[in-house]
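Below is one structure, written out as structure tokens, with a few remarks after it.
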Amino acid sequence: MKISAVSGGGGGGERKEQSVVEQLIFLRIDPEQVEPEDARECVENIWSLQYQTAGVVCSSAGASLEEKIGSGLLGSPKGLGYFTHAVHFRFPGRDQMDTFVQSPVVQKVFAKEFTSSCADRAALSFVSSIPEDLFAIFRKGQDWDEGFDHLMVIRCDTTGEATARVAGMRKQVEEHQPRMEEYGIQQLTFGVAIENEKQIGVLMRFRNEYDFDYFTKSILYANFIGSSSVNSMSIVTYGVGSQQESRHL
């Protein structure tokens, strides 16, 4: 299966691409203040919003796996390990995302869960694209029943730096896509954040933990994110489907 790594309206060669908007919500839930079952309920309530209002193409959520924090990084950027959970929503466009976020149902759940369970939170969204494959876009079917999601925010000093980094990421994928696929990336989207153009959002999907470890410990990963020069970033990695259930979210 081809990975997708076209961001911000960039070209995708001869492959037909479907534009999507990815929204990444990072949560900090203090384990000393919130019981594990309450933390799990908070995340599940946010994740289940995909079934309560229109517009969401697919979603995933989970608790950050502490042993995966910093995997493959050449340094220790500020902010690493700060967030404990994350939720991902995919939309077909910005209009659908805006309608979702402004929905009274969503606003009510956000207000309740953010107030009762979260010590802090952050969200960003970015435009990217995926090959025109309904199974890949909606993450449905046997290939998508389980896996590992790797959510990342890279903070830059200027909008110019963020734009240049994204261009460099795109170039890395164009030059090394076959190898990146061999190393286990199932799907990859990234782009400059809509809300803050000094930030970059990245979403990687792997089929399993082995593929995640294999890729993030490779030079391909370090070169893709430019890890030697990243000073501030947030990362949450969690299992999806049966790989999450075995770890109890």
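Numerical summary
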| read-out | value |
| --- | --- |
| In segment 92-108, the residues that are within 12 Å of T53 (Cα to Cα) and either in contact (Cβ under 8 Å) with a residue 12 or more places away in the chain or in contact with a helix residue (DSSP H, G or I) (Cβ under 9 Å, 6 or more places away or on another chain) (or both) | Q96, M97, T99, F100, V101, S103, V105, V106, Q107 |
| Entirely in segment 91-206, the helices (runs of 4 or more DSSP H) that have 1 or more residues that are crowded, with 18+ Cβ neighbours inside 10 Å and modelled with pLDDT under 95 | 134-138, 159-182 |
| Pairs, first more than 18 Å from P92 (Cβ to Cβ) and among the acidic types (D, E) in segment 115-141, second at pLDDT 90 or above and part of a strand (DSSP E or B), C-beta under 6 Å, six or more apart | D120/R28 |
| Of residues in segment 31-49 being in a loop (DSSP other than H, G, I, E, B) and without any contact (Cβ under 8 Å) to a residue 40 or more places away in the chain, the one surrounded by the most Cβ atoms within 10 Å (Cβ to Cβ) | E35 |
| Residue under evaluation Q52, criteria (1) buried (at least 18 other Cβ atoms within 10 Å of the Cβ); (2) more than 17 Å from the chain's Cα centre (by Cα); (3) among the polar types (S, T, N, Q), criterion not met | (1) |
| Conditions (1) in contact with a helix residue (DSSP H, G or I) (Cβ under 6 Å, 6 or more places away or on another chain); (2) modelled with pLDDT under 90; (3) over 21 Å from L220 (Cβ atoms): number failed by E14 | (1) |
| Residue match in segment 63-86 (condition: closer than 22 Å to V20 by Cβ and of a type outside the set (A, V, I, L, M)) | no |
| Breaking point among (1) aliphatic (A, V, I, L, M); (2) under 19 Å from G241 (Cα atoms); (3) in a helix (DSSP H, G or I), for V56 | (3) |
| Qualifying residue in segment 214-223 (condition: among the aliphatic types (A, V, I, L, M), under 23 Å from I137 (Cα atoms) and surrounded by 18 or more Cβ atoms within 10 Å (Cβ to Cβ)) | no |
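Condition check ((1) in contact with a Lys or Arg (Cβ under 8 Å, 6 or more places away or on another chain); (2) within 29 Å of R121 (Cβ to Cβ)) across all residues:
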position	(1), (2)
D145	no, yes
F148	yes, yes
M152	no, yes
A162	yes, yes
E182	no, no
Q187	yes, yes
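The values are calculated or read from the model by the stated rules, or taken from the named source; none is laboratory data. What you are looking at is a predicted structure, and each value in this text was computed from that prediction instead of being measured. Glycine also receives a Cβ, built like all others from the backbone with ideal geometry; neighbour counts cover every protein chain displayed.
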